[in-house]
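> Structure below; questions to follow.
The values are calculated or read from the model by the stated rules, or taken from the named source; none is laboratory data. Small disclaimer: the values here were computed from a predicted structure and weren't measured. So basically every Cβ, Gly included, is an ideal-geometry build from the backbone, and we count neighbours across all protein chains shown. Side chains are part of the model used for accessible areas, which takes the heavy atoms of the whole protein and leaves out ligands, DNA and RNA. Shrake-Rupley method; radii C 1.70, N 1.55, O 1.52, S 1.80 Å.
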Amino acid sequence: MNNYKELRVWQNAVDFAVDVYKSTEELPTDERFGLTSQIRRSVVSISSNIAEGAGRNTSGEFNQFLGIAYGSSCELETQLIIANRLKFLNNNSFGKLELEVDKIQKMIYSLKKSINR
């Protein structure tokens, strides 16, 4: 349906995933199979669901997958808050990631709104 690689929200989500992977290198080694893994799965899910939805046959399906991507971004945001409160992520790293997830959430919302017109 859509070429997802041309979507700015998908491009930003992929760049964001790289940033999150780098930031989670700070997390304790014993969190590798816990919070680190969960954070990384959530961030990858955002761009993956945007891509999958764009590859579907209808705008309704695309809209559904954008909703899943948005949900993954909320899940990720929650996990980043937990990591910050546990002092696994310093305030500077957390602040940058929080701003970026908020930006991506707004982009997903705007795209959903444009599809529903």
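> With each run of n ≥ 4 DSSP H residues scored as -39500 (n - 2.57), what mean residue ellipticity at 222 nm is computed for the chain after dividing by its residue count and rounding to the nearest 500 deg cm²/dmol?
That calculation yields -26000 deg cm²/dmol at 222 nm.
> When the Cα centres of segment 46-75 and segment 79-117 are compared, how far apart do they sit, in Å?
16 Å
> While we're on this one: Whole number in Å², please: accessible area per residue of the chain, 1.4 Å probe, ligands, DNA and RNA not counted.
57 Å²
> Among 25-37, 87-99, 50-62, how do they line up from the highest to the lowest mean number of other beta-carbon atoms within 10 Å?
50-62, 87-99, 25-37
> Still on this structure: Cβ under 13 Å from residue 101's Cβ, residue 101 left aside: what net charge do those residues give with Lys, Arg +1 and Asp, Glu -1?
-4
> Report relative contact order for the chain in percent, whole number only (criteria: Cα-Cα under 8 Å, sequence separation at least 6).
31 percent
> Rounding to the nearest 10 and keeping the result within 0 to 90°, find how far the Cα-based axis of helix 91-115 lies from the longest principal axis of the chain.
10 degrees
> Also: Cross-chain or 8 or more residues apart, Cα under 21 Å: how many lysine pairs in segment 37-117 fit that? Count them up, please.
4
> Between helix 59-85 and the chain, what is the angle of the helix's C-alpha long axis to the longest principal axis, kept within 0 to 90° and rounded to the nearest 10?
Helix 59-85 and the main axis of the chain meet at about 10 degrees.
> Under 37 °C and 0.692 mPa s, how fast does the chain diffuse according to Stokes-Einstein, given a Kirkwood radius computed over C-alpha pairs? Answer in µm²/s, whole number.
229 µm²/s
> On the accessible surface of the chain, probed at 1.4 Å, how many percent belong to carbon and sulfur atoms?
Carbon and sulfur atoms account for 49 percent of the accessible area of the chain.
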